[in-house]
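Quick notes on the structure that follows.
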Amino acid sequence: SDTGAGIPKERLPELFAKFSQVPETRSLARSPGTGLGLFITRQLVEAMGPDGVAVLNHDDPYLREAAEGWPGRIVWFGTDRSADFSMDQVTEEPWGIRAVVNRRYPLRLPLPGRHHLLDALAAVACASLVRVDPAAATQALASYIPARGRLERQIIGGVRFINDTYNANPASVRT
């Protein structure tokens, strides 16, 4: 049995033991990409072996460095057109965001904020690995409905609100 990423579950304790021995763990926040994050990415990619497939953010130079020389297949996503899955023509709307994937597939996310676009692009890249056409994947994302209390759009008294109280401390949402 494996983790779904091509890493046997029995290897996880060994990998996490290696991670805990990295001295950079305490300085990770001060020096991103040179510490644990880069180490973890390298270890996970290598653990998948040459037959594995990694879906990685091309916009992150540390991920590109971590994956350098790995013989497995990498599917890149990001804002740069050199990625396997890229996006452009980004426009924000009152209740969502639009973009075009690979200069061909319109994407409309019913979520506020550009930061959701990379997650959506990663989803399209992953879907392609199981032979879902990018047009179908982008269409499916348009119907995404967040969990109750998670980025819920509400209009109360003519004012737009985003209810993001999911997993909030109960005392913080009492009136």
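Cβ-Cβ under 7 Å, sequence separation 6+ or interchain: first residue in the stretch 49-62 and under 15 Å from residue 128 (Cα atoms), partner modelled with pLDDT of 80 or more and open to solvent by 60 Å² or more (accessible area, probe 1.4 Å). Which pairs?
Matching pairs, first to second residue: 53/73; 53/129; 55/126.
Where residues in the stretch 66-87 are modelled with pLDDT of 90 or more and more than 16 Å from the chain's Cα centre (by Cα), which of them is surrounded by the fewest Cβ atoms within 10 Å (Cβ to Cβ)?
82
Collect the residues in the stretch 95-119 that are under 16 Å from residue 163 (Cβ atoms) and of a type in the set (A, V, I, L, M), keeping them in residue-number order.
Listed by number, the list holds a single entry, 111.
Just one of (1) in a strand (DSSP E or B); (2) among the hydroxyl-bearing types (Ser, Thr, Tyr); (3) out of contact with any Gly (no Cβ under 9 Å at 6 or more places or on another chain) trips up residue 82, so point out which.
Failing condition for residue 82: (1).
The values are calculated or read from the model by the stated rules, or taken from the named source; none is laboratory data. As the structure is a computational prediction, the values presented were derived from the model and not from experiment. Cβ: placed from backbone, ideal geometry, glycine included. Neighbour counts: every protein chain shown. Remember, those area values only see protein heavy atoms, side chains included, never the ligands or the DNA or RNA. Shrake-Rupley method; radii C 1.70, N 1.55, O 1.52, S 1.80 Å.
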